[in-house]
1. Which whole-Hz ³J(HN,Hα) couplings does segment 85-94 yield from phi under the Karplus relation 6.51 cos²θ - 1.76 cosθ + 1.60, θ = phi - 60°, glycine and proline marked x?
2. So what's the net charge close to residue 101: Lys and Arg +1, Asp and Glu -1, counting the other residues with Cβ under 13 Å from its Cβ?
3. Between beta-carbons, use under 10 Å as the cut-off and find the net charge around residue 127, counting Lys and Arg +1, Asp and Glu -1.
4. Under 5 Å between amide hydrogens, which residues at least 5 positions from residue 46 or on another chain qualify, with H placed 1.01 Å from N in the peptide plane?
5. Using modelled backbone amide H atoms (1.01 Å from N, in-plane), which distant-in-sequence or interchain residues come within less than 5 Å of residue 72's amide H?
6. If you count, for each residue, the other Cβ atoms within 10 Å and average over each peptide, how do 58-64, 88-94, 35-41 line up from highest to lowest?
7. Residue by residue through segment 129-145, what is 3J(HN,Hα) from phi via Karplus (6.51 cos²θ - 1.76 cosθ + 1.60, θ = phi - 60°)? Round to whole Hz and write x for glycine and proline.
8. Where in segment 36-65 does the amide nitrogen come within less than 19 Å of the point 7 Å from the Cα of residue 125, taken along Cα to Cβ?
Amino acid sequence: MARLHTTLAILLMIVALLFESSVVYSVIIIPGEQTVHLSNNISSSTILNVHCKSADNDLGPQTVHFHQDYNFSFHANIPLTTLFWCNVDWNSAAGDVRNSKAFDIYSTKICWIKYRDCRWYALTDGLYFFDNEKNALLLKFGWDH
C-alpha cells in the first residue's frame, strides 16, 4: 500500500511539473498574435503583386498600390516552425523590366518574440526589413530581373 501511495505521489508530481512547464511554455515561449506587413514604397505608378503562403495557408494573390500596406496575422505553432513565404513582383515604369523575388517573410528566426509586428518595405532596389532595435531599414533581398 505504501508503494502505491509513493507511486501515485510521484505520478502526481510529474503531472504537476508537466502542467506547470506547459503553462510557462505557453505564456513565455509562445508569442501572441503575430502580424506581418509589406508596404509598397517603390513609386507612385508601381503596383506590387504579392502572393504569400505557408504550409497550411494560401493567402491568395494581393495587389498593393503605392504607400499601401498588405498585412496578415496569425498565431505561431507550438514547435515554433511557422514559416510564411511570398512571391512578389512589379514592372518598371517603362514596363520593360519585371522585378521579382521569392523570400521568407516570416519565420521564428526572422520575426518571433522580438518583433510582434514584422515589417517589410518594398523599394526600388529590393526588400527591406525594419529592425526595431536599430530603428533602421535593412536591405535583405535585391530584386531578381
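Rule-based calculations on the coordinates, nothing more; no lab input. Here the structure is a predicted model, which is why all the values come from computation and not from measurement. Every residue, glycine as well, gets a Cβ built from its backbone with ideal geometry; the counts of neighbours run over all protein chains shown.
1. Coupling constants for segment 85-94: 10, 9, 9, 10, 8, 7, 9, 5, 4, 6 Hz.
2. -2
3. Cβ neighbours under 10 Å give a net charge of +1.
4. 66
5. 36
6. 35-41, 88-94, 58-64
7. Per residue, the Karplus-derived 3J(HN,Hα) values read 9, 8, 8, 5, 5, 8, 6, 8, 8, 10, 5, 10, 9, x, 7, 8, 10 Hz.
8. Once the point is set 7 Å along Cα→Cβ of residue 125, 39-44 turn out to lie under 19 Å by backbone N, inside segment 36-65.
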